[in-house]
Structures are given as structure tokens and as C-alpha cells.
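To start, the structure itself, in C-alpha cells.
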Amino acid sequence: MATPSGASTEDKRSYYLYLIPGAIGFIAIVLLPQIANFALSFTAWKGVGTPRFVGLQNYEKLLTDGQFWGSMSHTLLFVISMTIIPVVLGLVLAALLFDYIRDEFGETVSSLFRAAFYLPQILPITAAGVLWGWIFNPVGVVNIILRAPGLDGLAQNWLGDATYALPAVSLVIVWIQVGYCLVVFMAGLSRIDPALYEAAELDGAGWWQRLVTITIPLLAPEIFVVVLTTLIAALKVFAPIFVLTAGGPDNATLVPSYLTYYHFFTTQRVGYAASIAVVQTILTIGLAVIFLRFQSSQAGKE
Amino acid sequence: MKLSTLAMAIGAMVLTSGMAHAQDKTFNIWWFEDAVSAQGITWTKALEEFKANHPDVTVNFEQKTFAQLQASGSMILNSDQAPDVLEYNKGNATAGLVASQGLLQSLDDAYTAQGWDKILNEGQLALSRYSDVGVYGSGPIWGISTYGEYVSAFYNIDMFEKAGLKVPTTLEELTADFEAFKAAGVTPLALGGADTSGQHVLASLAYTKADDTWVQNYQGLKAPLDTAPYLFAAQTMVDWVAKGYVSKDSTGIKDPDAALQFTSGKAPIYISGTWNLGNFSSSIKDFKWGQFLVPTPKYSVGSTGNLWVVPKGSKNPDLAQEWISLLLSPKYQTEQANNGGVSIAADAATVTNPVGQNASAVFKEIADKQGLGFYPDWPVPGFYDVLIQKVAGLLQGTLTPDQFVGELKTTYDDAQANQ
């Protein structure tokens, strides 16, 4: 998009006025708390009273804190369940709905599916989490269904056993995330020229070939956006963990955000909590920058 | 809108709000006891009387939750949003912290002036007093509790009678009862292994091996953790799981679900606190139930209740004290016991509800022998969550009893060394 060539510098300067409300919001809600948090990470503080400067002590402790490293390794798994699986699943489902279900069963059925997949995004996460808690309860729906045909061996203590808690929580997260990916991808698909598909079909390309050769390359911008936003969401995941397992059993599903919350609000090691938040922020921003670099270099190639 | 109009509008707003402020006196009061609990019912009634006594005062009540104040109470009290009087979580990490930071008003003068000294005894003030570093047991009075609480075993009398079992008076008898139920195909103990009742069972068992020195050292953070009582408790719990007295699935169950197993008549025993009394009184219709203390030599898990505190910024400290006096009055102490609550100073003769009468009597019995052992999470901030996590690890078998006490010791000793 070209800049309007006729605009003088004075006109352009007046545009900055429109940035002020946003800038105030950004400074008040994002920047100042970040700076305060960064400053607090060098102190010992109980949440009230005067913070005491302790230098790098919090960060030194972080290096040897098993809970922290455990939570970081769980984050890697949540990248799989919040980003990789939903993106792949979302892509396949979007393509299916867009050029198979819609063609075969009509617009209504396709919209119905799209709405159904998106529903978890609209539900309050706490309400959905409580429901999933009941579903996964040892005497909950999942186990009742498994036991009914005699599959007692498959019934598990889903959220109460370290082996199953992480996959169970991941499943809930996939359920939440797929709708988001799906809707963005479907919006992207409507941008693609149908003539391309028709031409490919005439040349004898099957559904899978059309997905790989047309859909995925042309959806690249949407895929980048979705991967980036879900990646950031995965690094700071909190609500599903808080509602479903509170990090348990025995810290099997602990994540950095929950650890920050725990130290901030229950052990009252606010400074230590701040240092965890700082590490998490740096990681998130770092990943985002790398990713955006990669995206612009890809975009340059086209 | 022109700037001058805007200025006038703002000016008018400031004026009217200022006037409104001068006209009515408002009294803001918060508590977090559940509306259907004995305390909730009693306090709601008392608040009606309080409002009737002060027609000129606008009384604003807000229902809070325990977790809300546990998490952000100190920040609320440190702001100008604090109410005039509120129920606040007892213990070093909560009431102790805000008292030591100067966020509360001392109630020392009110204690004698309001005549509370004639109702409460010194032993019931242990959790009202906090030192200048926020450790309970000594220092000024910062809060007043109007009820008690303790952990006991709730049991299904019908199921016990049907199985021909007696109320156990020793740990061996308790185990024998468990075995009898198990042999009859019933999992005897409902346990919220992902929740608080896990640590209550743990502490109750630890207190079977605990003497005065251990409890005082433990609760006072006076020495590195002597793990022997906890090791015994952990071994016993693992043993109970292995023998099927407790379901291995308990780590996926929270307290309300465990309580449901008891109230629905599936499990004959549930070990938890007296805060269940209201719920059990109203929801158990088809069987007789009672409580017995987990047999220990002296100490039981229990304490005086949460505290009524008056924040530093309270504009109506007199009304706040009057409110506390009202709750301590014989009328509402009896009312509380009649609602199935554990009253601290009810006249037993006037209590008609057998649940509240029994609970108030048991509490008095524990308090009189100085057997309130308090709760296991109190000494260390954040220990509550550590205990939930580690008990879950113990129950699901990822931690052996030795590893379990080792992990508790690491956290405890760290706090003990750095206090």
C-alpha cells in the first residue's frame, strides 16, 4: 500500500494525535507494569510494605528451582497442544468444511460445523473447565462411558494421575484452540480464487493434492498469524490449568504463569514471582521476534 | 462537548457525590462464610438486627470467598477500598502479615471496653494476637473470632450399626472398622486427594505421634522439621490406599465430590472440618450421622475460627466493634449453635440443635485440654498448596513416604531458616 503522496509532513504529524489514546493505554496497562515488574524482580517483597533490594538473588534461585524448570518443560508440551495440533487440525478441518462439506452438504451444514468448532472459544474458560473437571472425574462421564462396554482397563484417574493429567489438560486445550484456528483459516480460504481449485480439479488433482499445493501455500499469511498468536498463548497458558488441576497432581501440570501466581499470591514471594514473569516475558518476546523475522523473510521471497 | 460544559459537568458530579457523602453514613461489611453455613445464616440474621438498630446508617454487605482474601486480601487492605469491618483469614501468612504491616486497628482497648474479656479466654486469643513480625500467639489483639472449628471423622451411623461396628477410640480400632467395611465391599473413607482434606487426614494422623514439643516447634517454626510424625502419617495413608480403605482415584477428587460420596451414603466415613456441618445437616435426609475425633493422645486439627478485623482505614471503628459484640452475644452464639455451628460461647442449656450442641461441646472439650493443634499449613506461607501437591503425589504413588517427608522438610526448613 502506497502512502498518500499528496500529504505534507504537517498533515502526517497531525495523524500522531490519533495515536495518543492507544499510547496512553499501552503505557498504563503494558509498559509501566512491565517496568515495575522488572524492578520488583530484583527485590524481596511480600506484596505490602517496602520492597528490599536483593540484586540477582531471585534469578540465582530460579536456576536451581526444580519447580520452575519443570514448568518450563511442560510449556513445551503445551506448545504442541496449543499450537501444533490445533493448527494442523484447524487447517485440515477448514479445508474439509470449505471445499468438501460445503460442496456436498451445502452452506448451512458447513456453517453449523464452523459454529460448533468455534463454540469453545466463546464459552467462559472457567465454566468450560469446571465441566471438563466433572467429565474427567474418576466417577465422571468419560469413565462411565468406558466402563459401560466393559473397558474398565481404559478408565483412568484422568486429572489425578501424573501420567494422564497433562494429556487430559492438553485435550481440553486442543478443544478450545481448534475453533480459533479454523475460523481464521476459513476466512483466509474465502480469499483464494476458486478458479485455482477448478483448474487443479480439471487437471485431476485430488483433495489432498489441492490442500498441499494450493491451500497451504496461499494460506501462509494466516498460518503465520495463527501460529504466532497461539504460540504466545501457549507460553502464558494459565486459566485451564488453574481451573482443571491447579498445577497438580504433585506439580505434574505446573506452568510458569501458575508458578508466578502461586508465588505472588500464596507464598508472598512477590519479587521471586516477578523474576519468573520476567524470564517468561523475555522468552515470549524473543520467540515472537524470531518468528516475525522469519515471516518477513518468507514474505520477501514471494 | 465544549470544554467549559465538560468542566461544569465534572464539577456538578463532584458536588453531588460530596453531598451524598455528607448525608448518609455508610458501613461496609464483608465476610466469606457461605450463605448456607451456620455462620452465614447467623450473621445474616444478626446483620438484620444491626441494620434495625441503626436506621440512619446504610449498611453495605459484600459476600467474598475464602480464596479471594487468601490471594489478594493484603492488597485490598492496603488500598482505600477496604471495608469498615471484615472477616479475615487467620494465621501468620494472612492476618499476621497485614497486622505486622500496620493495616489493621488494634482491638486491645475494645477487648476490655466491650466486655469481650468476659466471654473469651486467653487460649481462644492465640490466633487473635500477632507479634510485630506477624507471628501469632503474642502481641496486640488484631482480630476476634466468634466461632470454632475442628477436623473430625463424620460417620454414617446407619452403616456402622448395620455392620455391627463401634465408634473407634484408638487408631487400631479405626483400622479394624476400615477393614470390616472393606471386607464387605465398601471403600470406607471418602477422601478429596486433590484438595484440602488430604492434608487434614495427614495432620490428624501425624498428631497421633505428636507431643507438646513437636506441635509447638512445628507451629512456631522453632526448629527444623522433625519428620517422624509425618513419616508415620504418610506410611499410614499409603497403607490405607494399598489396602483399599481409600480409593487410588482420590487424587482426582476434590472435597465437594468426596463429601458427596459421604452424603449420598456411598462412603461411611469422611474426615474433614466442621465447616461441613451446615451442608450435612441440610442435605443428609436418609441416614443418621455423627462425628468422632480421629483418636489422638491430645491434639486435634482445629482452631478458633477466622477473625473479624477492623482495617486501618475503617471510618466506623465503633460500629465495627458493636458488630463484633453482637456476634459474641449469647443470643447469636446460641443462634449459631442452633444453626449447626461451632459456637465459642454458647449456653449449652439453650441450644436445641443436637448437631450444634455436640459440635460446640466437642470444641470446648478440645479447647479446654489445650488440644487445638491448628492446621498443618500454617507455619509456612504457601505450605497449603505444597501439602496438596505432595499428598497427591503420595497417594498416587509417585512419592514414597520417605521422599514425601523429605520434600516437606526441604520447604519447611527453608522457611524456618529464612524467617
B:Ala20 passes all but one of the listed conditions (1) modelled with pLDDT under 90; (2) in a loop (DSSP other than H, G, I, E, B); (3) more than 14 Å from chain A (Cβ to nearest Cβ); the exception is number (2)
Per the list (1) away from chain B (no Cβ under 14 Å); (2) surrounded by 16 or more Cβ atoms within 10 Å (Cβ to Cβ); (3) out of contact with any helix residue (DSSP H, G or I) (no Cβ under 6 Å at 6 or more places or on another chain), residue check on A:Ala246 breaks on (1)
Going through region B:279-293 in order, the residues found to be open to solvent by 10 Å² or more (accessible area, probe 1.4 Å) and either in contact (Cβ under 8 Å) with a residue 40 or more places away in the chain or in contact with a Cys (Cβ under 9 Å, 6 or more places away or on another chain) (or both) are B:Asn279, B:Ser281, B:Ser282, B:Phe287, B:Lys288, B:Trp289, B:Gly290, B:Gln291, B:Phe292, B:Leu293
From the option list B:Ala346, B:Ala359, single residue qualifying as hydrophobic (A, V, I, L, M, F, W, C), part of a helix (DSSP H, G or I) and in contact with a Ser or Thr (Cβ under 7 Å, 6 or more places away or on another chain) is B:Ala359
Of the residues in region B:50-79, those that are open to solvent by 50 Å² or more (accessible area, probe 1.4 Å) and away from chain A (no Cβ under 14 Å) number 10
For region B:239-263 the number of residues that are under 26 Å from the mean Cα position of the chain (by Cα), more than 14 Å from chain A (Cβ to nearest Cβ) and open to solvent by 40 Å² or more (accessible area, probe 1.4 Å) is 0
A:Pro167 vs (1) buried (at least 19 other Cβ atoms within 10 Å of the Cβ); (2) away from every other protein chain (no Cβ under 13 Å); (3) within 30 Å of B:Leu394 (Cβ to Cβ): all pass except (1)
Of the candidates B:Leu127, B:Leu202, the one satisfying the condition of being in the same structural domain as B:Leu77 (by TED's automatic domain parsing), under 24 Å from B:Leu277 (Cα atoms) and touching a helix residue (DSSP H, G or I) at 6+ places or on another chain (Cβ under 8 Å) is B:Leu127
Exactly one of B:Leu408, B:Leu399, B:Leu395 is farther than 21 Å from B:Gly91 by Cα, touching a residue at least 40 places away in the same chain (Cβ under 8 Å) and in the same structural domain as B:Met237 (by TED's automatic domain parsing), and that residue is B:Leu395
For this session: Might you let me know whether region A:15-34 holds any residue that is closer than 21 Å to A:Pro256 by Cβ and in contact with a Ser or Thr (Cβ under 8 Å, 6 or more places away or on another chain)?
Result: yes
Counting only helices (runs of 4 or more DSSP H) entirely within region A:66-143, those with at least 3 residues that are surrounded by fewer than 15 Cβ atoms within 10 Å (Cβ to Cβ) and away from every other protein chain (no Cβ under 14 Å) are A:66-79, A:102-105, A:107-122
- Message: With the structure loaded, tell me whether A:Leu154 is open to solvent by 30 Å² or more (accessible area, probe 1.4 Å) and free of Cβ contacts under 8 Å to residues at least 60 places away in the same chain or whether it fails that test.
- Response: yes
Only unsatisfied item for B:Lys266, checking (1) within 14 Å of another protein chain (Cβ to nearest Cβ); (2) not in a loop (DSSP other than H, G, I, E, B), is (2)
Scanning region B:89-140 for residues that are surrounded by fewer than 21 Cβ atoms within 10 Å (Cβ to Cβ) and among the hydrophobic types (A, V, I, L, M, F, W, C), the one nearest to the other protein chains (Cβ to nearest Cβ) turns out to be B:Val133
Given the conditions (1) within 14 Å of chain A (Cβ to nearest Cβ); (2) modelled with pLDDT under 90, every one holds for B:Ala361 apart from (1)
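Each row is one residue, and each column tells you yes or no for (1) within 14 Å of chain B (Cβ to nearest Cβ); (2) under 30 Å from B:Trp378 (Cβ atoms); (3) free of Cβ contacts under 8 Å to residues at least 40 places away in the same chain; (4) assigned to a helix (DSSP H, G or I).
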site: A:Phe224; (1), (2), (3), (4): no, no, no, yes
site: A:Tyr261; (1), (2), (3), (4): yes, yes, yes, yes
site: A:Ala277; (1), (2), (3), (4): no, yes, no, yes
site: A:Ile285; (1), (2), (3), (4): no, no, yes, yes
site: A:Val289; (1), (2), (3), (4): no, no, yes, yes
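Every residue, every condition in (1) open to solvent by 30 Å² or more (accessible area, probe 1.4 Å); (2) within 12 Å of chain A (Cβ to nearest Cβ); (3) aliphatic (A, V, I, L, M), yes or no:
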site	(1), (2), (3)
B:Tyr384	yes, yes, no
B:Leu387	no, yes, yes
B:Gln396	no, yes, no
B:Asp402	yes, no, no
B:Val405	no, no, yes
B:Thr410	yes, yes, no
B:Asp413	yes, no, no
Given (1) open to solvent by 20 Å² or more (accessible area, probe 1.4 Å); (2) of a type in the set (S, T, N, Q); (3) modelled with pLDDT of 90 or more, A:Gln209 misses just (3)
Within region B:338-352, residues being touching a residue at least 24 places away in the same chain (Cβ under 8 Å) and either open to solvent by less than 10 Å² (accessible area, probe 1.4 Å) or under 16 Å from B:Asn279 (Cα atoms) (or both) number 5
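The values are calculated or read from the model by the stated rules, or taken from the named source; none is laboratory data. Being a predicted model, the structure only gives us computed values, none of them experimental. Backbone-built Cβ (ideal geometry, glycine too); neighbour counts: all protein chains shown. The area values use the complete protein model at the heavy-atom level, side chains included, leaving out ligands, DNA and RNA. Shrake-Rupley method; radii C 1.70, N 1.55, O 1.52, S 1.80 Å.
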